[in-house]
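The values are calculated or read from the model by the stated rules, or taken from the named source; none is laboratory data. Remember, predicted model here, so these are calculated numbers, not experimental data. All Cβ positions, glycine included, derive from the backbone under ideal geometry; neighbour counts span all protein chains shown.
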Amino acid sequence: MIQINLLPIRQIKKRQQLYQQSLIFLAALLVLFALMGMTSLSMSNKASVIQKDLTSLNKKKKSFEKIIAEIKQLQKDKKTLENKLEAIKQLKRGSQQPVRVLDALATLTPADRLWLKTLKQSPAKLQITGVALDNATIAQYMNDLIASPYFTSATLGSTKLTKLGGRKLKSFTLTVAIKQEETTTNPPKTNGTK
């Protein structure tokens, strides 16, 4: 006897395969969504930690801003004080220079051969008028001034024959350039004759 199977086996197998494939696809999709969810949670946690760190760092930055402002103010104050100290040093140097210049001038002036009448001092030069026994004394005096550590040059303005106390003497005018002091603490020694 011949039996006829009326059941659609091929269709049933195809349906089963389609059902299995659908289950596998759904399972893969669920695994994918689970992985995406876990990754999202992990990133959310990291973002939360980073946000907390950022907030903490901003608080620290604000506390340091006060310190930085104080440091900047202290630097300004320090610079102001340094400028004042430099001004005081300049004034000290400037106040000692005229005394040293006059001392050197007195030391270098030969008392028995040359006499000074007037002396005008500006910061950079001296205007001297005086009387000497002869031209050689004036020339020697100029050389002594130039050799001094306080003067850089001496220029003879004029000389005239003058009678003084019954003697014929040479009156003269000199312009002497004063050496500007650096930051010396001890005055240099003069090397002249009296």
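Among 49, 101, which is in contact (Cβ under 8 Å) with a residue 24 or more places away in the chain and in a helix (DSSP H, G or I)? Working first, answer last.
Numbers: 49 fails: in contact (Cβ under 8 Å) with a residue 24 or more places away in the chain.
It is 101.
Name the residue that is farthest from the chain's Cα centre (by Cα), counting only residues in the stretch 106-132 that are in contact (Cβ under 8 Å) with a residue 40 or more places away in the chain and not in a strand (DSSP E or B).
111
Within the stretch 162-178, which residues are modelled with pLDDT under 90 and either exposed (fewer than 11 other Cβ atoms within 10 Å of the Cβ) or of a type in the set (S, T, N, Q) (or both)?
162, 163, 164, 165, 166, 167, 168
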